[in-house]
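Since the structure comes first, as C-alpha cells, the remarks are kept for the end.
The values are calculated or read from the model by the stated rules, or taken from the named source; none is laboratory data. A quick note: this is a predicted structure, and the numbers were derived from the prediction, not measured. Positions of Cβ are generated from backbone atoms using ideal geometry, with glycine treated the same way; all protein chains shown enter the neighbour counts.
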Amino acid sequence: MMFGDYGRELLRSGIIEAKAGHRVAARRYLDRAVYISSDHDVLSEAWFWMSQVIDDKAERRKALENCLAHDLRHARARRALAILDGKLKADEVIDPDKLPSTPEGLRAADADRFMCPKCGGRMSFSPDGQSLVCEYCARNQKFSIAQSGAAAEKDFIITMATARGHGKPLDQQVFHCEGCGCEFILPPSQISSTCVYCSSPHVVNWESEEQLLAPDGIIPHAFDQKRAIRLLIDWVQGNGIKPEKQVELPRGVYLPLWTFDLGGAIDYVGEKFDDSEIQFNRRQPKMIRVSDSYPVQVNDIPIPASRKLSAVFLRLVPTFELRAVKPYDPRYLANWPAEVYDIPMAEASLDARSQSFARYKRDLPGLLAPVRILSTSSADMTVDSFRLNLLPVWMTELPFGGRQHLILINGQNGAVASDLPEGKKEKSGGLREWLGELLDE
C-alpha cells in the first residue's frame with residue numbers, strides 16, 4: 001500500500017473511532033496519519049479531528065491552527081477556533097440545510113433614543129460628520145474619538161454558521177418610546193424612526209438583534225437638503241430636462257450595501273504551443289495541454305443589499321469613495337431614516353462570487369497569453385470576509401416622459417444617478433421655480 005493510501009486509511013479509522021466516542025483509539029490513528037502523510041488534505045482533516053478528541057484548550061487550539069496551516073479555508077476548523085476564542089457561541093451554529101423558522105407577527109425591539117440633555121429637544125445628526133445638534137437650543141454634541149479609523153470586516157465562514165448570515169427582516173418591530181410612553185410599529189424595512197407623538201428619534205439597538213446582522217460601517221451624510229436641492233436643479237438643467245409636474249423635495253436616507261473580499265484561486269485547463277522542440281527542425285511546434293490555477297484577489301466588490309432601488313443604486317455605487325467608510329455608530333442615524341437589507345448576506349455572497357468569476361474569466365485570456373483557455377472552475381474561489389455598509393443618499397422622483405423617474409443623489413459628494421433613458425429631452429425650466437423658495441431665490 002502506498003503511503004498516501006495508508007495515510008487516508010489511518011485518517012478514516014481515526015474519524016470512525018472519534019465518532020464512536022473512542023477518543024484514545026482515535027488519537028492513536030490520527031497521530032499516525034499525521035506522522036506518515038504528506039498530503040495537505042489528509043493532514044488538515046487529521047488535525048481537525050485531533051482537535052475534537054482533545055480536552056486541553058491549548059492543545060485543541062494548536063491542533064486547529066495546524067489544520068488551518070494546511071488548509072486555510074477549512075470551514076469547520078475556523079468555526080471551532082472562533083468558538084474557542086469566544087467570537088462565536090456554540091448554540092448559534094445552525095445547520096444550513098435546516099434553517100430555523102422565522103417568528104411571525106410583531107416583535108418587541110430595543111432602541112436608542114436621542115434627546116438633548118440640556119433642553120430635552122430632538123437631537124439630529126449634523127451633516128458636518130462629527131456631531132449631533134439640538135433642533136431647539138442648538139446644543140452641539142461632538143462624537144467621541146473612538147469613532148475614528150476604518151470600519152472592520154466580518155469573517156464570512158463564521159457568520160455563515162449562524163442564522164444571521166441567512167436571514168432578512170420579515171416581521172414588524174414594536175418600539176416603546178421612553179419619552180412619552182407610547183408604542184409604535186417600525187416596518188421591517190427600517191432601522192430608525194421618529195415617534196409620531198413626541199418626535200424623539202429612535203435607532204434600533206443591534207446588540208439585541210438575533211435575526212439580523214448589524215451594520216459594520218457608514219459614510220455619513222456630508223450636506224443638507226438645501227444643497228441637495230441645488231444639486232438636483234443643476235443636474236436637471238444640465239441635462240435639458242423639463243419636469244411635467246411639481247417635483248418632491250429630496251429625502252435624505254441611508255441605503256444598505258454589502259461589500260465582499262474574495263480569495264482562493266481559479267483552476268483552468270488550456271493549451272499552448274511547445275516551442276522547446278522547434279530547434280530540432282520540426283516544421284510546426286507541438287500543441288500541449290496545461291492545467292494550473294490563477295490566484296484570486298478581490299477587495300470590496302459591492303452588492304446592493306436592497307432590491308427596491310438596486311438598478312439605479314448600482315449606477316450610483318461607483319461614485320462613492322468606499323475607503324471613507326467609518327465604523328457604524330447609531331448616532332449617525334439620529335433623525336435620519338435608514339433601510340434594512342432585504343437581500344440576505346448568504347444570497348449576496350453568491351452574486352459577489354458570480355461577478356468576480358465572470359471578471360476573471362473575461363480577463364484570464366489576456367493574463368495567461370499565449371495559453372488558450374479551454375475551461376475554468378471556481379471551485380477553489382472563496383469569500384473571505386464581508387461588510388454591511390450604510391451609504392448616504394438623497395432621493396426624489398422626477399415626472400418626465402409620462403411617468404415618475406427615480407433620482408438618487410450621492411450624499412457624500414453630490415453625484416447623481418437616475419433611471420431616465422438617454423435620448424431627446426425637452427427644453428429645461430420650471431424646477432427652479434418650484435424649489436427656489438428653499439434656496440432663498
Going by the conditions given, is T382 within 30 Å of Y268 (Cα to Cα), assigned by TED's automatic domain parsing to the domain that holds L262 and either of a type in the set (A, V, I, L, M) or over 21 Å from the mean Cα position of the chain (by Cα) (or both)?
-> no
Every residue from segment 219-274 that is at pLDDT below 85 and of a type in the set (A, V, I, L, M, F, W, C) = I241, V247, F273
Going through segment 337-391 in order, the residues found to be within 16 Å of L262 (Cβ to Cβ) and aromatic (F, W, Y) are F357, Y360, F386
Hey, any hits in segment 179-198 for a residue that's farther than 30 Å from N299 by Cα, at pLDDT below 55, of a type in the set (S, T, N, Q) and outside the structural domain of F313 (by TED's automatic domain parsing)?
-> no
Within segment 346-364, count every residue that is out of contact with any strand residue (DSSP E or B) (no Cβ under 6 Å at 6 or more places or on another chain), buried (at least 16 other Cβ atoms within 10 Å of the Cβ) and among the aliphatic types (A, V, I, L, M).
-> 1
Considering segment 325-336, residues that are part of a loop (DSSP other than H, G, I, E, B) and either at pLDDT 80 or above or among the acidic types (D, E) (or both), and then whichever is farthest from the chain's Cα centre (by Cα), we arrive at D329
Do we have L391 as assigned by TED's automatic domain parsing to the domain that holds L322, part of a strand (DSSP E or B) and either under 15 Å from the mean Cα position of the chain (by Cα) or among the basic types (K, R) (or both) here?
-> yes
Are any of the residues in segment 275-282 at pLDDT below 90 and either among the aliphatic types (A, V, I, L, M) or not assigned by TED's automatic domain parsing to the domain that holds W336 (or both)?
-> yes
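In this structure, is L81 of a type in the set (A, V, I, L, M), modelled with pLDDT under 90, within 30 Å of G264 (Cα to Cα) and in a loop (DSSP other than H, G, I, E, B)?
no
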Does at least one position in segment 19-35 carry a residue that is of a type in the set (S, T, Y), closer than 19 Å to E65 by Cα and in a loop (DSSP other than H, G, I, E, B)?
-> no
Can you tell me how many residues in segment 325-340 are closer than 11 Å to P392 by Cβ and in contact with a Phe, Trp or Tyr (Cβ under 6 Å, 6 or more places away or on another chain)?
-> 3
Quick one: would you say A346 is farther than 24 Å from A417 by Cα, assigned to a helix (DSSP H, G or I) and modelled with pLDDT under 90?
-> yes
